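Structure, as structure tokens:
The values are calculated or read from the model by the stated rules, or taken from the named source; none is laboratory data. In this text the structure is predicted, and so the values were computed from the model without any measurement. Cβ placement follows ideal geometry from the backbone for every residue including glycine, while neighbour counts extend to all protein chains displayed.
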Amino acid sequence: MKVLISPNFKDMYEPNLEIKQFPDGDTYTRIPQIEECKGEDVILLHRLYPEQNTKLMELIFLLEALKKAKSIVLIAPYLPYSRQDKLFKQGEVKSAEIICSLLREKGIEKLITFDCHFLKKEGEFEYGGLKIKNISLNKEMAEHAKEYLGEEFEVISPDQGASYLVEEFGGESMKKVRGEYNEGGEAYRTIEKMEFSGDVKGKNILIMDDMISTGSTMFKAIENLQKAGAKKILCASTHGFFLKDSLKKLKETGVFVSDTIPSEVSEVSIKKIIEKIIKGEE
Ligand code: R5P
């Protein structure tokens, strides 16, 4: 078995792949040990975010070079385009499905990823013809939250899509409704309303979601909980993009994420899980 490590995994392991850019921005990849990969089972560690389009192109090139491998398992902690799994308007495409089919066609036997948005639960799945193992970090996040909130807290998700993260802790979910796409160049649907009727008065609350993008979901959830009289509020999410000034604002309340996408508040590490996968124990 060969383990190939992309430079964008250097926070965890010494990279052994070459990935660069030509002066014009085109992507360059090289697998120095390509001969040793022939006929072998390969585990490829490559992050697909940030710069998702470039990262996907790098992946396609790496997979092309690995055509003679026996099998390829990709560990990509966050799967980009995973939020576009439904059609809202005529003429749109399900980009989540397209990406998964592409990865399958390019030779991936299995994708191992974390809290994949469209799967909404942990386990083994097949989507777009691609086998996917989806690992949830909800237990790790709840455990880590104890450092801030002690043993006594409730876990709440800001929308029903993330309810699978909180159900095993007896947690409730808010009801989020998004509106139409905004005018202009950004494909963004603002939050029309977010409803919550739980009793949180005087309680410590951990808000848990699969991702923080612009932060709007967390801001609304915090507002709801503050109005309902919650004591301490802490935000946690598997993936943290922290677009615009969302990280600065969320730090005022309290926030942590995992290192699926490294950031200054990545406090839950996926490294132990990856080690188990490499040893064949996960
Ligand atoms: C959506 O359903 C996801 O679970 C997240 O709640 C959402 O993507 C977060 O986006 P934002 O931070 O922009 O509100």
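Structure notes:
- In the stretch 204-215, the residues that are on the phi < 0 side of the Ramachandran plot and modelled with pLDDT of 95 or more form Cβ pairs under 9 Å with partners that are among the aromatic types (Phe, Trp, Tyr) and assigned to a strand (DSSP E or B), at six or more places apart or across chains, as follows: Asp210/Phe114.
- All positions within the stretch 181-200 that are in a loop (DSSP other than H, G, I, E, B), away from the ligand (no atom under 13 Å from the Cβ) and more than 28 Å from Lys231 (Cβ to Cβ): Glu183, Gly184, Gly185
Residue by residue, here is whether (1) within 19 Å of Gly161 (Cβ to Cβ); (2) touching an Asp or Glu at 6+ places or on another chain (Cβ under 9 Å) holds:
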residue: Ser71; (1), (2): no, yes
residue: Gln84; (1), (2): yes, yes
residue: Glu105; (1), (2): no, no
residue: Gly129; (1), (2): no, yes
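- Every residue from the stretch 1-53 that is polar (S, T, N, Q), within 24 Å of Ile99 (Cβ to Cβ) and loosely packed, with under 15 Cβ neighbours inside 10 Å: Gln21, Asn53
- Considering the stretch 78-164, the qualifying strands (runs of 3 or more DSSP E), each wholly inside and each with 2 or more residues that are within 21 Å of Val177 (Cα to Cα) and of a type outside the set (Ser, Thr, Tyr), run over 154-156.
- When residues in the stretch 227-248 are screened for being part of a helix (DSSP H, G or I) and of a type in the set (A, V, I, L, M), 1 of them pass.
- There is at least one residue in the stretch 96-109 that is out of contact with any His (no Cβ under 8 Å at 6 or more places or on another chain), among the basic types (Lys, Arg), surrounded by fewer than 21 Cβ atoms within 10 Å (Cβ to Cβ) and over 26 Å from Ile212 (Cα atoms).
- Residue match in the stretch 245-257 (condition: away from the ligand (no atom under 13 Å from the Cβ), without any contact (Cβ under 8 Å) to a residue 12 or more places away in the chain and not basic (Lys, Arg)): yes
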